Amino acid sequence: MSSQPLWHGRFEAGPSPELTAFSESLSFDRRLWADDIAGSRAHVAGLESAGLLSTADADALRAALDTVHAEFAAGAFLFAPTDEDIHTAVERRVTELAGDAGARIHTGRSRNDQVATDLRLFVRRELRSIGGATLELAAVLLDRAEPEIETPLPGFTHLQAAQPVSLAHHLMAHAHGLLRDLDRLSDALRRADVSPLGAGALGGSTLPLRPEVTADALGFAAIFSNSMDAVSDRDFVADALYALAMLGVRLSKMGEEVVLWTSDGFGWARLDESWSTGSSMLPQKKNPDIAELARGKSGRLLGALSGFLATLKGLPLAYNRDLQEDKEPLFDSLDQVARALPAVAGLYRTLQWDRARMSAAADNPYLLAIDVAEALVLRGEPFRRAHARVAALVRQSLESGADFPALCRDHLDVQLDPGAPAALLRRRSPGGAGPLAVQAQTQALRARLEAERARLKD
Ligand code: ARG
């Protein structure tokens, strides 16, 4: 077992323990082990096809990489004190196993293009899985929405009751947001899907490397065009962090609504026991902890994004060790979102609606005001004048306690069914809260979900 770092040749002295403790990344980048081995396998294929490795050496390296893979998979891989990061650990072990052939594996490669390759492979895989979980949450919302096309509740602006909408329309609004989040994830994935392998430390190599062979072996959609860009580019990490932060903000807002809706003041929904928590002191409590954590954890996702952008902003080309700071925010953001999505999905899947309380809240006569004004518009009145006339009656009703629909009937000759279900039926505009439009929406969304599911599968 080697007791020196891989780069020891130029140095007489070994690294100080403080340097090692400060600069190591093995404690967190070990989770890239499978990607590092995959990258090395592709690199071996590239070197072999370029005539830079004999078939015998390539075979020895492949066998060693297989062993290393098996050791990691079994949790039996032994790290050495000199392993600075996952790349040095794998190379050290391959060299122990394959001898002279092992000493050839880093031919034409730098850890700079190696780490960028590993991380892109990792991001590609993880974003695909987050995308799948995002889709499942959207599917839960759609499942819960479909039966509620005629369940009225007040829609808010400024958290003040504004117009009746249906519970389906409300839930689908979040589903549409989630599909945009999915789009952002796919977009980040597309930009991560470029191979940097073959860029070397920063300027390529004097050796006849074949980046297209390695890119192909790893299933990358494209190959770098500029080696300096290839080793320094972490836009794909920032893209992923942004996509995750937006998704986190969405889950936060969805969580906030569950907190509101299940509160005593609203009482529009009840939490399922398996998806809520009790209080250590107050026996009667049932708390929306998932919703609150979904809201709370968005803070660290935003922090990860802004912190990493700050890391990037002053860097000269090309690789700088600062870039090692890409991994922890990325890993943390992925982990948090990966845990949040199924938790929020379960929360929404099991919420029990109190339709009576929703309807009662929607049966607020003043929610009729815009419908009355629009009835005047249909008779030819300019909207601004109609608005003013109805507003005057709202004021009169509030001041005198007179029934608002009766005032509209008597003063404006407008008689509308004041109930929320009738108000929903009056809404006919495309994309609006009326039952026909919402039904068209649920059907379109169902088709879109199926298409996205199929796309994520290939
Ligand atoms: N652990 C390093 C990182 O994550 C690997 C690359 C190191 N390259 C170097 N030239 N020191 O960025």
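Taken together, the values in this text are just the output of simple stated rules run on the coordinates, not laboratory data. Computed from a predicted model, the values in this text were never measured in an experiment. All Cβ positions, even for glycine, are placed from backbone atoms using ideal geometry, and neighbour counts span all protein chains on display.
Rounded to the nearest 10 degrees, the angle from helix 327-350 to the longest Cα principal axis of the chain is 40 degrees.
Between LEU19 and ASP187, what's the calculated FRET efficiency when r is the beta-carbon distance and R0 is 45 Å? Round to 0.05. FRET efficiency, LEU19 to ASP187: 0.70. Region 429-446 and region 1-43 have Cα centres spaced 56 Å apart. Angle of helix 33-49 to the longest C-alpha principal axis of the chain, folded into 0 to 90 degrees and rounded to 10: 50°.
Within the same chain, lysines fewer than 8 places from LYS313 are excluded, and of the rest, those with a Cα less than 21 Å from its Cα are LYS327.
Of all segments of the chain bounded by trypsin sites (Lys or Arg not before Pro) found in a DSSP loop with no more than 11 other C-beta atoms within 10 Å, the longest spans 1-284. To the nearest 0.05, what FRET efficiency results for ALA422 and VAL259 with a Förster distance of 30 Å applied to their C-beta separation? Efficiency computed from Cβ-Cβ geometry: 0.45. Listed by chain and number, the lysines whose C-alpha is less than 26 Å from the C-alpha of LYS286, apart from same-chain residues fewer than 8 away, are LYS253, LYS297.
For the chain, the longest principal axis of the Cα atoms and the long axis of helix 383-400 meet at an angle of about 70 degrees.
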